[in-house]
Structure formats: C-alpha cells, structure tokens
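The values are calculated or read from the model by the stated rules, or taken from the named source; none is laboratory data. None of the values given here were measured: they were computed from a predicted structure. With ideal geometry, Cβ positions are generated from the backbone for all residues, glycine too; neighbour counts draw on all protein chains shown.
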Amino acid sequence: MDDEPMLLRTYETRFASAEELCRALTRRVREALDGFVHVDRISFRPKAPASFVTKALSTKPTGERRYDDPLRQIEDQVAGRVIVFFRDDLRPVTERLRSELGPIEAIRREPVGDAEFGYESEHLIFVIPNHLKPTGWINDETTPITFEMQVRTLFMHAWAEPQHDLGYKPGVDVCVHREQRRSLAWLAASAWGADRILSEVARELGVTVDAGASGAS
Amino acid sequence: MPLGRLERAYAYEVAPRQEAGFVGGPAHLSDRLSATLDTTYAQSGLERATAVDFVIANPESGSRENPVRSALLATAFGTAEAASEAAVGLAARFGWATDLRSKPSLFIATVHAGANSNRKQVVLWTFPQQEVFRLRTDGADATIDVLEVFIRDSPLRKAAMFTGGAGPSDFLTGRALDAQSGSTDRSVADLWIVKFLDSRLQMSSDEGTRLLAQSLRHAHDKLEANPDAQAEVQAAIIRLRNTKARRVTLAQIAAQFSRPVAAAFRTQQVNTEALTAAFELNKVLFDALVEYRIYKLGNGVWVSAPFGTLGRDVTEEQTADGKRLIATGIVETERVRSKHG
C-alpha cells in the first residue's frame, strides 16, 4: 500500500480545485434547470479524500487493482445530484440535462428482480466543460475529464442516502438479525410504494409534470 | 501543448461525396513533414480552438461508442493495418460529410506521442484544393502554368485534435477549428464539427447566450460613468440581434470593443476557455435577457431603452390611440445631424 500516502497527498492537493469546480457545475446545472419548480435541490460535492483512496486501491475479484490511473480514471471525484418531487419529473429533468450537457453514459440503476426493492437512481456521466474548469484543474493533465450526476425523487433519496451510515454495500449483508433484514426490505418497498403513490396522487390532482422554463427556441 | 513526436501519418485526396477509391495512404515520416505539421499547428491556433465533445448516440449502453472516436482510437493505438483502415474510414466519412459545392481536399490524420507512453495526440486536417499559378522561365520566354494544389494556410482549412490514452475516459473530448462554423448556411456551419466529427460544442446555446447577456450587462453597469463605453455595449447588442452568424464566441465580440469595455466584458467568464468556446446564439433568449428595446414613435422620435430601464425610466401606457411611451432622464449628450439616418 505504498501508493496510499501519495494518492492521498495528490488528491488533497486538487481538493480546493474540485470544490471550485463543484460550485461552477452547481451554477451550470441550476441554470440548465431554470424554471423546473419540482426540483427540491441541486448539489455537487468533491469526493472525500479517504473515500477516494479506498476506491483507488480497490481490487477486482481476481485481486488486480480496479484502476491503474485512479487520479484520472475515477469519475465521481466530482459528482452532483438533483432531487425532484415526483417520479414523473425524472424524465423531463433528465432530458433537459441530457440536451444541455450531452451524456456519455445514462443508466437507470434499479433492482433487477421483480420482487426486489432497493436503490434506484438515474445515473449520468458528462464531460466537464473546459470553460467551467478552475485553473488548477485545467492545467493538471491528471484530473478526470468527466463528472457524475444522479437524478432521484425525494423517496428514492430517502431510501438511498442513509445507506452509507448503515454500512450498506451492494451484495454485502450487514444485518446481524433476520428481523433487521426484513425491516430494511420493508423500508425499501415502502419508499418505492410511497414514491409511486405520491406521483399518482399528484397526477390525479392535476399537478402538471415539470417541464421547466424554455429559454430555447 | 506542442505536438509530440510524429509517429504515424495518413494522407488522402478526398472529393465531395467520395466513398471509396481514395488516392493516398500512410505517409512517409520525414523531418520536413514533421516540421511543416508543427508550424501549421502552431500557426493554426488549434491548441486554443473551440472545445467539442463526441456525441454518444446510445449512452444507455455504457459503451461510449462514437464512430469517429473509435476510428481515432484505432488510428492511434491499433496495429498498423487497423490504423490504416481507420484512417481510410475517416477519409470516407469526410467525403460523405462534404457536399458537391466543395472542392477536393487533402485529408491528413497524424498521430503524435503524448505526455507519456500511454497517451497519444491525433490531429485531423483538411486542406482545400485551389488553383495557383506557376511561372516558368526559359531565357526570355515565360510560361504560366495553372496548377491545382492543396493550400496549407487556406482560411477554409479545418482541423481537430484529440488527446488521451486508450481507456473509457479518453478521447471523449477535443478541439475543433473551422472558420466556416459561423456560416449562415447550416450545412456549411455543421459540416466539420457536427456532421464529420459527430460532435457537439461544449458550450450549449442557452448557456453561451446567458453568459453573453450577463457579460454585456455587467460591462454596461460597470461603465455607468462612461456613456461612450456604454454606447459600445448598446451597439454590440444591436449587432448581435441582427447578426446572421450561426455561431459566435465571446472572444469575437470582445474583439470589437475598446480596451476598457473588453476588460469589463471579460470579468464574467470563469477562464479563457469561455472566451473561445463557440455557441449558437439563441436570439429569443438573448432578447429576453438583455431587455433591450428600440421604439419608433409616430412623431418620428426613436427611443432605445437598454438594460433595466424598462418599467423604470421608460414606461409604456395603453391609451385609446395605442401604446404611449414615456421616457424620462437627464440628457447627457445630444447630437445634431444634418441628414436623418
């Protein structure tokens, strides 16, 4: 693990630039979503140094390092999130981000099985526009050229966000008792159900799907 | 960033709509070619040209596929055979992108060493064919030949540069140079960046238009004590509202200003890249943001109302005869013209 101090040091050196970039991207996404009234929040964060190092040194099942150039390859060093009220808002918000920023990846993450409930989110990866990069970022060839974005509803977020504090990792059972597992499964299914019902009620009450202001033609 | 050592070069003559049978192939790597390419690159400004991103048609797949990106990666990192095949493919794509109004061009793809052994630079060039004269003399006799040659410093040349390794995060973005991308004819404006490179400008239309409006407004407010400087900003707004150019850059607009106006105009941009980033001007949004109105009244009076004066110093009132305009303020300058206009 000789790499660890070097990686940490290098990453910490770029951290201030990453924070500056986060502010520029927040402004950019806020402008892009101008007029969307069902957006609860738009936020960006630089990856915490300890979390970066853990990811940088992570290995594949074969034992090989996942990243041979982690300072450049890890794409969530700068990541953002948009939280919307209703499920029906996911599509227009995502579409606006896609048309404004042009994604290189746009993947919906959700449980695979029909009877499974759990993490759900729209994951997007975009190229960081040069004109938003702070000087420290633009002059450093080892910085990543992409950033990640997630778009979720309030209920998707309510289920997903506390997972870190619960020590949850995909495929790893952190529960000690069966009852804990059942409680978490109930929570996941309830969040999914509440999300659906909230959107259905909003639709029945005639709440218009968020379309945002169109500055464009 | 200067060009690295020349490692591969491919050159083809490409006629409009040509799809196969290209004259050309891998080029001999000579010191002279290398030096000429270095000079052409240095003079072109490609290093600071507009940033473009490849369009990923199916981002849901996660494979980050783009036909030009794939060809560039093969040209840079593939075997000699794969690189050659990819270069011919790029030439064919350029032939497909051009229309019959164009003349044949010399299409060149070069691969250069990058900052380390895992990275490469790929540069694409097109040099249009033009007629030139050649004077030959034999004693007192002179002969003028007309030759068709490819012009190295033609204003119609186009270029693009992409840099990186062979990983999934590489060769997603680059720089493109095309003096015709601001053309009023969309097919001409889109030929290089949109049609051939299958790319998009990094600065979106709305983003660029907002930044432009903010920059103009900021300059106007900051120069409040200087009516001549404010008049420059107002004149720029009128020009922009009437421009037929499809794409603009903030640098082009700043270049028309005097030094203090240009300085005030530039302070709203994060970095110099924002100045050179081309974007499509959204005139509807621009008008809404600058709130600049020009009124012609029935009595021959003209009133121009810049930023923020509408509703404050310039107000509209509905009357039975139509809309009535009321403008109030202290006269700072006045001019007498012998002739209207």
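Scanning for something within 30 Å of A:ARG14 (Cα to Cα) and basic (Lys, Arg), does segment A:142-155 turn up at least one residue? Within segment A:142-155, one or more residues are within 30 Å of A:ARG14 (Cα to Cα) and basic (Lys, Arg). Taking (1) charged (D, E, K, R); (2) away from chain B (no Cβ under 13 Å); (3) more than 25 Å from A:ALA189 (Cβ to Cβ) in turn, A:ASP76 satisfies each apart from (2).
Exactly one residue out of A:ARG23, A:ARG28 is surrounded by fewer than 15 Cβ atoms within 10 Å (Cβ to Cβ) and within 14 Å of chain B (Cβ to nearest Cβ), and it is A:ARG23. Among the residues of segment B:166-223, those that are free of Cβ contacts under 8 Å to residues at least 60 places away in the same chain, among the small types (Gly, Ala, Ser) and away from chain A (no Cβ under 14 Å) comprise B:ALA179, B:ALA189, B:ALA219.
When you check B:GLY139 against the structure, is it without any contact (Cβ under 8 Å) to a residue 40 or more places away in the chain and on the phi > 0 side of the Ramachandran plot, yes or no? Taking the combined requirement at face value, the residue satisfies it. I'm checking my understanding of the structure. Among residues of segment B:261-301 that are more than 20 Å from the chain's Cα centre (by Cα) and among the basic types (Lys, Arg), which one is farthest from B:ASN226 (Cα to Cα)? It comes out as B:LYS296. Considering only segment B:154-165, I want to know if a residue exists there that is aliphatic (A, V, I, L, M), at pLDDT 95 or above and touching a Lys or Arg at 6+ places or on another chain (Cβ under 8 Å). Yes, because at least one residue in segment B:154-165 is aliphatic (A, V, I, L, M), at pLDDT 95 or above and touching a Lys or Arg at 6+ places or on another chain (Cβ under 8 Å).
Counting the residues of segment B:1-47 that are on the phi < 0 side of the Ramachandran plot, more than 28 Å from the chain's Cα centre (by Cα) and not in a loop (DSSP other than H, G, I, E, B) gives 5.
Looking at segment B:222-237, is at least one residue acidic (Asp, Glu) and modelled with pLDDT under 90? Within segment B:222-237, one or more residues are acidic (Asp, Glu) and modelled with pLDDT under 90.
Take the residues in segment A:92-121 that are within 14 Å of chain B (Cβ to nearest Cβ) and without any contact (Cβ under 8 Å) to a residue 12 or more places away in the chain; name whichever of them is surrounded by the fewest Cβ atoms within 10 Å (Cβ to Cβ). In this case the residue turns out to be A:GLU95. Of all residues assigned to segment B:126-134, at least one qualifies as being among the aromatic types (Phe, Trp, Tyr), touching a Lys or Arg at 6+ places or on another chain (Cβ under 7 Å) and either part of a strand (DSSP E or B) or over 30 Å from B:SER61 (Cβ atoms) (or both). Identify, by number, the condition in (1) away from chain A (no Cβ under 13 Å); (2) without any contact (Cβ under 8 Å) to a residue 12 or more places away in the chain that B:LYS244 doesn't meet. With (1) away from chain A (no Cβ under 13 Å); (2) without any contact (Cβ under 8 Å) to a residue 12 or more places away in the chain applied to B:LYS244, the lone miss is (2).
Here the condition is being within 14 Å of chain A (Cβ to nearest Cβ), buried (at least 21 other Cβ atoms within 10 Å of the Cβ) and not in a helix (DSSP H, G or I); of B:ALA115, B:ALA51, it holds for B:ALA51 alone. When B:PHE257, B:PHE286 are checked against the criterion of being in a loop (DSSP other than H, G, I, E, B) and buried (at least 16 other Cβ atoms within 10 Å of the Cβ), B:PHE257 stands alone in meeting it.
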